[in-house]
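Peer 1: I have a structure I would like to understand better, so I am pasting it below and will then ask my questions one at a time.
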Amino acid sequence: MTETYDFAAIEQKWQCAWEEERAFRAEIDPSRPKYYCLEMYPYPSGRIHMGHVRNYSIGDVIARQKRMAGANVLHPIGWDALGMPAENAAIKHGTHPKTWTLGNVDHMRTQLKRLGIGYDWDREVNTCLPDYYKWNQWIFLRMLERGLAYRKESWVNWCPQCRTVLANEQVVGGGCWRCEAPVAQKKMEQWFLRITAYAEELLAGHAALRKWPEHVLQMQKNWIGRSTGAHVRFGLDGTSKEIEVFTTRIDTICGATFLVVSAEHPIVPELVAGPRAQELGAWVERTVAEMRQRRDVGETEKDGVDTGRKAVNPFTGERVPIWLANYVLMDYGTGAIMGVPAHDSRDFEFARSYGIPVRTVIAPPDRAGERFDGEPAEVYEGPGVLVNSGPFDGLTSERAMDEMGKHAEDKGFGRRSTIFRLRDWGISRQRYWGTPIPVIYCRRDGLVGVPDEDLPVELPFEVKLTGEEGSPLERLESFVRTTCPKCGGPARRETDTMDTFVDSSWYFFRYCSPRETALPFRPEDAKAWLPVDLYIGGVEHAILHLIYSRFFTKVLRDFGLTDVSEPFPHYLAQGMVTKDGSAMSKSKGNIVDPDEILARYGADALRLFIIFASPPDKEFAWAEEGLEGCYRFLVRVRALVHENLDVFAAPEAAPAPTAGGGEAASRVVKKTHQTIRKVTEDIGVRFHLNTAVSSIMELCNLTRKERDALRETPAGRDALRLALGSIIRLLSPFAPHLAEELWQRTGHQGLLMLSAWPAHDAALAREETATVVVQVNGKVRDRFEAAPDLPEAELEAAALALPKIQAALGGKPPRKVISVRNKLVSIVG
RNA sequence: GCCCGGGUGGCGGAAUAGGUAUACGCACGACACUUAAAAUGUCGCGGCCGCAAGGCCUUGCGGGUUCGAGUCCCGCCCCGGGCACCA
C-alpha cells in the first residue's frame, strides 16, 4: 500500500476556508481584465460522472490560474434541470419531477464542492425554477412579436402506443425508444423559431471563430448547408400552371430529360388525376408512408412512376416526362427537381433503371471539342464546357451558371438564389417538465401572447404523470382554462412546453445577472462579462447547442440587450472519457464512480490524474494505475516540503536566489524559472494541461535529487525555498487543497488561490550552454556543448574538429555545411 | 458515398516554427532496506547485432521534396467521429 496523507481532512478544511471567504465570488471590476471561464452546465441526472469531473477539472485549472495571474474571473455553474429524464423517473418511481430534480441538484452540488471546483455559487442558476424559465417565456414573446416565433403544421414522430410526440433522437431504428412500437408520422401544429433567418450570419460568423476546432466548424457548416443555384419554373404542359425546381447546376439544364416531383408535393393530386388515378394514387400513398418511415434511416432503392404528363423546359421548349419518385425530398428546395442523368449520379441511376434518355451537355475539360451524341457510359459530375446547349455552347460551367441565371431572370421564368439545409427549430414538446409556451387561444382574439406582467406561466405542481397519455398539461383543466388577456372572455392555454435546448441557449447571459427581475439579464452586466472567454464541453453538443446559442445571442443582440454577436469565441471541445475501449456508460457497465475514487485518493489526486493522463481535447482512457502514480506524486511533494520546512524560516525579504550559488543551486534555480515559464504558457496559451503537469513533475524530481546538496549552502537553501515555493504555487490550480495546506505550512498568510501567480526571470531561465547536434549525411554522429548564440561559423569549425566527425568524413572535405544557432551542424560529405 | 479527426515503445502520452524522436507517468526488471512481503529508495528499460566501444533499424504502409521529415507533398491501409438521396 502506498504511503498516505490525510487528504480528506485537508480537502474539507480548505473547501470550508474558500467558502467562508467566498473566495470565488466574481464582481465587476474595470481595473482588472475580465475572464469568463465557462463549462457546459450539467443535467442533474443524480450523480456526477467522470465526464463531468474531467470537464469541470479542466475549467477549474484554467479559472484558478487566470485568477492568480491577475484576471477578474467569472466561473459560474448551474443546472440544465428541465427535460425528459425527470419525467421518466417520475413515471417509473412515482416521485414528482421537481422533487427528483431538486434532490439531484443538492447531491451533485455537494459532489462538485467535494471536488474543490471553484464556482461562484452566488450565481447558481437552475432552469426548472420559475425565476429562470420566466425569461424563456419573455424571450419567446419578444420573438413572437417579431415573427421569429411562429406556429405551423408539421409532421412529427408519433408513438401510437405511448400516444406522445417523440424527438428524432428518441426514434431508434424506426421504433419508439421506450416501447419499441413502430413510430408513425402525424401532422400537428407546432411552434417554431425562425433560426433560418440567421442562416447566412451563422455561417459568416465562423470567420470570427478562429479558436474553434476545425471539425466542429465543419459540422456546423454541413448542418447549415448553404447552396447557391437557381430556381427555375417549368411549364406544366397543357395548362397554364408551372412546377418550380431548385438546381445548383443550371448549366446542365439543357440535359434535363425528365422532371421529378416528390411524392409529397402539393401538385401531386393534379398530376395523378385522370384515367390512371387509381394506380398512381396507390403508388403515392404507399411511397409517402415509406418516406415518412425511413425519414431518419438513410438511402433506399430509388423507385418512381411516370405520370404521363409533360413539363416544358423554358430554356429549350422541350417537353419532358414528369415522374414521381421516392428520392426527392419535399422539405428541401421546392420538392421538385430537374433530372439531368448525364451529370448527376442519382438522376443517372434513376434514368438507367427506367430507360430514360441520358444526354451529355457538359464536356469534361480534358475532352473539349469532342462530339457528345450518343448516351454516355457513365455520369460526369464535374464542371466543364457546355455542349448540346444551343446558344450557351462553348461556355464554361462557371460562366454558364451566371449567364443562364441571368437569362432566366430576363425572361422571367427563374432567378438565381441561395438556399439552406438548416430548418427552423421546432420547439414544441407535448411534455410536462419544460417551460410552458406563454400563449393563450381565444375564440374571439385568436392567438394571444401572455402579457409580461402575467409571467411566469408557472408549471402546475399537481399533475398526473402516468406515461400512458399525451401531454399531461393538456388534461389538466385548471391549467388549460383561462381568460383572454384582450377580451377577458374564456380562453385556453397552450399546453406545449419548450424544448430544453431553449434553456441552454442563453444561460451564460443569466450568470451575469442571476437575480435580475426586470429583464433576462442586465445589458451592462453582459457588457462587462461577455463574450465567454473560454467555453469547455463535450463535442456531442457541437451542432445543436452551439448553433442554438449562437442564434439566441444574435437575437438578443437584435433585441438591443447585448452587443456581442458570438458568445463563445474560444471553444475547447473536450474528449470523451472511456474505459476498456468504449465510452463509460451504464449499459456497458464500465462506469467508474467519482465518489469511490474520491474516498480512496482524494480530490487532488483525481483532478491531477484526469488532467495529466491526456490532453483536454483528446479521448481519455481511464486506467487506475495512472491515478496511483499521481497520488504518489502528491505524497512525494508533500514529504519534500515537510522535510525542508526550515528553509522557509528565512525572512520573507531574503534575496531572490540568482546564479552563482554553486552547481546544484544554479541548476535548480534555472529549472524553476524554466518550469514557471512552461507551466504558464501551457495553461494560458496552449491549453496543454497535461504537459504543464509533466514539467512540474520534472522540477520536483530535480529538486528531490539535489536537495541534500542544496541544504549545505545558504544559496542552496535559497534555491530550495524558491523551488518548493514555486512547486506549491504551480500545483495549486491542479491540486488546490494540498497546495493551500503546504502554502500555510510554509508560513504564508492568506489564501494561496488569491495570491499571485509566480513570474519567471528570463535571464535566470536561460541555459548557459546549448547542446549542438552534429549530423553527417543526415545522421547524428556527435554532439557538443556550445556557448549560447555562438555564430554559425564557429559552430561549424567546432563541429568539424570533432574526432568522430573527422572519422565519419574519412578525411575528405565536406561538400556542404549547414549550421543553425543553438541547434545543430549538418554536414554533407 | 461525402466531410472532418487520428495512427509514435508493453500502455497513457511528449516533441510549441522542418532541426537531439520516445519528455513525464504507468507497467516491467535488477539492486538496496526488510526475517519476509508491502511501501520507499537507486539504477535500467524502442528493436536488432555486439563482451564492449560502437553499428544498423525505428513515428501505419509506399513514394517524393530537403543538408535534415513524426512534422510538408502525392498515393494507399486501418481506426474514430459527423452527415447521409440536400438536387
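Peer 1: What's the number of the condition A:VAL328 fails, among (1) outside any loop (DSSP other than H, G, I, E, B); (2) touching a strand residue (DSSP E or B) at 6+ places or on another chain (Cβ under 6 Å)?
Peer 2: (1)
Peer 1: Within region A:662-690, can you find the residues that are hydrophobic (A, V, I, L, M, F, W, C), more than 16 Å from A:ARG717 (Cβ to Cβ), part of a helix (DSSP H, G or I) and more than 8 Å from RNA strand B (Cβ to nearest atom)?
Peer 2: A:ILE676, A:VAL679, A:ILE683, A:LEU689
Peer 1: Is region A:387-394 home to any residue that is assigned to a strand (DSSP E or B) and at pLDDT 90 or above?
Peer 2: no
Peer 1: Hey, could you check region A:337-370 for residues that are crowded, with 23+ Cβ neighbours inside 10 Å and part of a strand (DSSP E or B) and say which is nearest to RNA strand B (Cβ to nearest atom)?
Peer 2: Of everything passing the filter in region A:337-370, A:ILE337 is nearest to RNA strand B (Cβ to nearest atom).
Peer 1: Search region A:550-576 for residues that are within 18 Å of A:GLN218 (Cβ to Cβ) and charged (D, E, K, R) and pair each with any residue that is within 16 Å of RNA strand B (Cβ to nearest atom) and part of a loop (DSSP other than H, G, I, E, B) when their beta-carbon atoms are under 8 Å apart and the residues are at least 6 apart or on different chains.
Peer 2: A:GLU566/A:LEU209
Peer 1: Can you confirm whether region A:185-199 contains a residue that is at pLDDT 90 or above, in a loop (DSSP other than H, G, I, E, B) and hydrophobic (A, V, I, L, M, F, W, C)?
Peer 2: No, the conditions are met nowhere in region A:185-199.
Peer 1: Could you list, ordered by first residue, the pairs with Cβ atoms under 8 Å in which the first is in region A:125-141 and crowded, with 19+ Cβ neighbours inside 10 Å and the second is of a type in the set (Asp, Glu) and part of a loop (DSSP other than H, G, I, E, B), at least 6 apart or interchain?
Peer 2: Short answer, once both residue conditions are applied: A:THR127/A:ASP80.
Peer 1: Only one of A:LEU544, A:LEU561 is within 16 Å of RNA strand B (Cβ to nearest atom) and either within 19 Å of the chain's Cα centre (by Cα) or modelled with pLDDT of 95 or more (or both); which?
Peer 2: Residue meeting the stated conditions: A:LEU544.
Peer 1: Counting only residues that are aliphatic (A, V, I, L, M) and under 30 Å from A:GLU11 (Cβ atoms), give me the helices (runs of 4 or more DSSP H) lying completely in region A:691-777 with at least 2 of them.
Peer 2: Where helices (runs of 4 or more DSSP H) fall fully within region A:691-777 and carry at least 2 residues being aliphatic (A, V, I, L, M) and under 30 Å from A:GLU11 (Cβ atoms), they are A:714-731, A:736-745.
Peer 1: Shifting gears a bit: Of all residues in region A:541-572, which are touching a Pro at 6+ places or on another chain (Cβ under 6 Å) and closer than 19 Å to A:ILE48 by Cα?
Peer 2: If the condition is that a residue be touching a Pro at 6+ places or on another chain (Cβ under 6 Å) and closer than 19 Å to A:ILE48 by Cα, then no residue fits.
Peer 1: A further question on this structure: Does A:VAL361 count as closer than 29 Å to A:LYS411 by Cβ and in contact with a Leu (Cβ under 8 Å, 6 or more places away or on another chain)?
Peer 2: Against the criterion (closer than 29 Å to A:LYS411 by Cβ and in contact with a Leu (Cβ under 8 Å, 6 or more places away or on another chain)), A:VAL361 qualifies.
Peer 1: For region A:306-319, indicate whether the set of residues that are closer than 30 Å to A:ALA400 by Cβ, surrounded by 19 or more Cβ atoms within 10 Å (Cβ to Cβ), within 11 Å of RNA strand B (Cβ to nearest atom) and in contact (Cβ under 8 Å) with a residue 60 or more places away in the chain is non-empty.
Peer 2: No.
Peer 1: A follow-up question, please. May I ask you to list the residues in region A:776-829 that are small (Gly, Ala, Ser), within 27 Å of A:LEU764 (Cβ to Cβ) and near RNA strand B (Cβ under 9 Å from one of its atoms)?
Peer 2: Going residue by residue through region A:776-829, those that are small (Gly, Ala, Ser) are A:778, A:786-787, A:793, A:797-799, A:801, A:807-808, A:810-811, A:819, A:826, A:829.
Now drop any that are not within 27 Å of A:LEU764 (Cβ to Cβ), which leaves A:786-787, A:798.
Passing the criteria: none in range.
Peer 1: Given the criterion closer than 19 Å to A:ILE683 by Cβ, crowded, with 17+ Cβ neighbours inside 10 Å and β-branched (Val, Ile, Thr), identify the matching residue among A:ILE611, A:ILE597.
Peer 2: Every option except A:ILE611 fails the conditions.
Peer 1: Follow-up. Are any residues in region A:691-713 more than 9 Å from RNA strand B (Cβ to nearest atom) and under 28 Å from the mean Cα position of the chain (by Cα), and if so, which ones?
Peer 2: Residue satisfying the conditions is A:ALA692 alone.
Peer 1: Here is a check on your reading of the model: is A:ALA799 aliphatic (A, V, I, L, M) and either surrounded by 12 or more Cβ atoms within 10 Å (Cβ to Cβ) or under 40 Å from the mean Cα position of the chain (by Cα) (or both)?
Peer 2: Spelling it out, A:ALA799 is indeed aliphatic (A, V, I, L, M) and either surrounded by 12 or more Cβ atoms within 10 Å (Cβ to Cβ) or under 40 Å from the mean Cα position of the chain (by Cα) (or both).
The values are calculated or read from the model by the stated rules, or taken from the named source; none is laboratory data. This is a predicted model, so every value here is computed, not measured. Every residue, glycine as well, gets a Cβ built from its backbone with ideal geometry; the counts of neighbours run over all protein chains shown.
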